[in-house]
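Structure first, commentary second.
The values are calculated or read from the model by the stated rules, or taken from the named source; none is laboratory data. Small disclaimer: the values here were computed from a predicted structure and weren't measured. As a convention, Cβ positions derive from the backbone with ideal geometry for all residues, glycine included, and neighbour counts pool all protein chains shown.
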Amino acid sequence: MKRKPVNPSRRKFLQAGAAAVAAPAILGATRAYAANPVLRVGHVSPRTGPLAGFAEADDYVLDAIAKTFAAGLENNGKTYSVEIISKDSQSNPNRAAEVAADLILGDEVDIIVAASTPDTVNPVSDQAEINEVPCITTDCPWQPYFFGRNGVPGQGFQNTYHFFWGLEDVIGAFLDMWGQSGVTKTVGGLFPNDADGNAWGDAELGLPKPLAAAGYSLTDPGRYQPLSDDFSNQIAAFKAAGCEIVTGNMIPPDFATFWAQAAQQGFAPKIVTIGKALLFPSVIESLGARGDGLSSEVWWSPHHPFSSSLTGASAKDLANGYSAASGRPWTQPIGFKHALFEVVADVIRRSDDLDDPSAIVAAIAATDLNTIVGPVNWANGPINNVTKTPLVAGQWQREGDAFDLKIVANSAAPDIPLTGSLKLL
């Protein structure tokens, strides 16, 4: 079914608002000058705010994708120009919903993509679902994506699809890493009162049950508010329980506060494995010597044995290209941001009718593509609208003046090679 036309006055208002506050980056051809028909792709990610590390490589990836798409994409014997309109969620769910609505109703995008935690992914997906616009997302565990949007198993969603790993995978990777350490199985949990923290700490779907089944004792002091300035209660609880491991899911500023206060209050765990906050070299570097030995999940690295379906570049090629262009270390989201557009290109080429949103959705659902982050195939998902990518665990280890993220546990994905051994803090 064709998308309903947008009310002209509403469109004018939204476009004016978008021009004033959204400051989109537009890449590729424009409707005014393109000789070919143009397909518009909206893109939302947290360029600013506490989650900006997830979007550090956005400019590099988007510029490269625009060049790759410059000659257009073929569909049913016709060449389509592709215009990418990128907007900043500012690490704020309300802002993410606002710019998604701008893209859908103002810019009239044909497909919308988003990445980087439930704070951006969920509100963008919700706007796409409401407005019947095809949507592809990544960089968010599937449970907070699916259940955080009130998804019903067996029903799922009509227009929104997601690829990433799940909490069962991150738990497995952490247990794989901790199991080789020999430390006491006492774990302190740091879970914020947000979509990620509530999912990770959930008594039924999160860490508590699998940790207990593996013989670990979890001390969970309860949800803390993001951007907290005092973790004294959590630290006291962990010290009282004799926790030798600390885990959880935090934004970088919260972890920095916790880690500084842990040192001040004499709490010295032997393993600290934190999702989200410890993914990025910039965060580890900011911690100085106290960044050495911290650990996290590893979704993508130069060592992953995958290549791009768009360019043929290996994971190592993509990571090294970013470092050469930016002078910065590679970051994990680079591969997934690139893979989003691998899937978009594949869907555009296969869709039966690019003027029909339902045909684009059908092409998304039928995806079977080997990408730079691994296979993407929604027929193999654990639940409706979700397909999974592989996950391993790694530890930041200082090498000279820099830190390197060593892959130290890979039982669930042995084709991704180990590059180091776990050491205690």
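Looking only at segment 236-274, how many residues end up being of a type outside the set (A, V, I, L, M, F, W, C) and over 17 Å from residue 220 (Cβ atoms)? Walk me through how you get there before you give the answer.
First, pick out the residues of segment 236-274 that are of a type outside the set (A, V, I, L, M, F, W, C): 239, 242, 244, 247-249, 252-254, 257, 261, 264-266, 269-270, 273.
Retained after the next criterion (residues that are over 17 Å from residue 220 (Cβ atoms)): 252-253, 257, 261, 264-266, 270.
The total comes to 8.
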Which condition breaks for residue 237 when tested against (1) touching a Ser or Thr at 6+ places or on another chain (Cβ under 6 Å); (2) within 25 Å of residue 284 (Cβ to Cβ); (3) not polar (S, T, N, Q)?
-> (2)
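Out of the residues in segment 119-162 that are charged (D, E, K, R) and assigned to a loop (DSSP other than H, G, I, E, B), state the one that is surrounded by the most Cβ atoms within 10 Å (Cβ to Cβ).
Going residue by residue through segment 119-162, those that are charged (D, E, K, R) are 119, 126, 129, 132, 139, 149.
Remaining after also requiring assigned to a loop (DSSP other than H, G, I, E, B): 132, 139.
Working: 132: 16, 139: 29.
Of everything passing the filter in segment 119-162, 139 is surrounded by the most Cβ atoms within 10 Å (Cβ to Cβ).
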Determine the pairs where a residue that is in the same structural domain as residue 67 (by TED's automatic domain parsing) and assigned to a helix (DSSP H, G or I), located within segment 339-367, has a partner that is modelled with pLDDT under 95 and surrounded by fewer than 17 Cβ atoms within 10 Å (Cβ to Cβ) with Cβ atoms under 7 Å apart, the partner being 6 or more residues away or on another chain.
-> 357/3; 358/1
Matching residues in segment 255-283 - criterion: being out of contact with any helix residue (DSSP H, G or I) (no Cβ under 7 Å at 6 or more places or on another chain) and farther than 22 Å from residue 398 by Cβ | 257, 264, 266
Give me a count of the residues in segment 173-207 that are part of a helix (DSSP H, G or I) and either modelled with pLDDT of 95 or more or surrounded by fewer than 19 Cβ atoms within 10 Å (Cβ to Cβ) (or both).
-> 6
Residue 47 versus (1) assigned to a loop (DSSP other than H, G, I, E, B); (2) over 18 Å from residue 333 (Cα atoms): which is the lone unmet condition?
-> (2)
Residue 421: polar (S, T, N, Q) and closer than 30 Å to residue 132 by Cβ, yes or no?
-> no
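Here is a check on your reading of the model: is residue 338 surrounded by fewer than 21 Cβ atoms within 10 Å (Cβ to Cβ) and under 25 Å from residue 166 (Cα atoms)? Talk me through it step by step, then tell me what you get.
On the way: surrounded by fewer than 21 Cβ atoms within 10 Å (Cβ to Cβ): no; under 25 Å from residue 166 (Cα atoms): yes.
When the stated conditions are applied, residue 338 does not pass them.
Scan 372, 364 and give me the residue that is more than 30 Å from residue 289 (Cβ to Cβ) and over 18 Å from the mean Cα position of the chain (by Cα). Explain how you work it out, then say what you get.
On the way: 372 fails: over 18 Å from the mean Cα position of the chain (by Cα).
None of the other options fit; the residue is 364.
Matching residues to (1) under 23 Å from the mean Cα position of the chain (by Cα); (2) among the basic types (Lys, Arg):
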| position | (1), (2) |
| --- | --- |
| 159 | yes, no |
| 163 | yes, no |
| 184 | no, no |
| 190 | yes, no |
| 197 | yes, no |
| 203 | no, no |
| 223 | yes, yes |
| 245 | no, no |
Test residue 396 against the criterion of being in the same structural domain as residue 279 (by TED's automatic domain parsing) and touching a Ser or Thr at 6+ places or on another chain (Cβ under 8 Å), and give yes or no.
-> yes
Residues located in segment 184-228, provided they are on the phi > 0 side of the Ramachandran plot and among the small types (Gly, Ala, Ser) = 215, 222
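Among what's in segment 381-403 and is surrounded by fewer than 16 Cβ atoms within 10 Å (Cβ to Cβ) and either touching a strand residue (DSSP E or B) at 6+ places or on another chain (Cβ under 9 Å) or in a strand (DSSP E or B) (or both), pick the residue that is modelled with the highest pLDDT.
Narrowing segment 381-403 to residues surrounded by fewer than 16 Cβ atoms within 10 Å (Cβ to Cβ): 382, 398-402.
Now drop any that are not either touching a strand residue (DSSP E or B) at 6+ places or on another chain (Cβ under 9 Å) or in a strand (DSSP E or B) (or both), which leaves 398-399, 402.
Details: 398: 94, 399: 89, 402: 89.
Per the stated criteria, the residue is 398.
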Residue 340 over 30 Å from residue 182 (Cβ atoms), at pLDDT 95 or above and aliphatic (A, V, I, L, M) = yes
Examine segment 63-73 for a residue that is in the same structural domain as residue 345 (by TED's automatic domain parsing), in contact with a Leu (Cβ under 8 Å, 6 or more places away or on another chain), over 18 Å from residue 343 (Cβ atoms) and surrounded by fewer than 17 Cβ atoms within 10 Å (Cβ to Cβ), and state whether such a residue exists.
-> yes
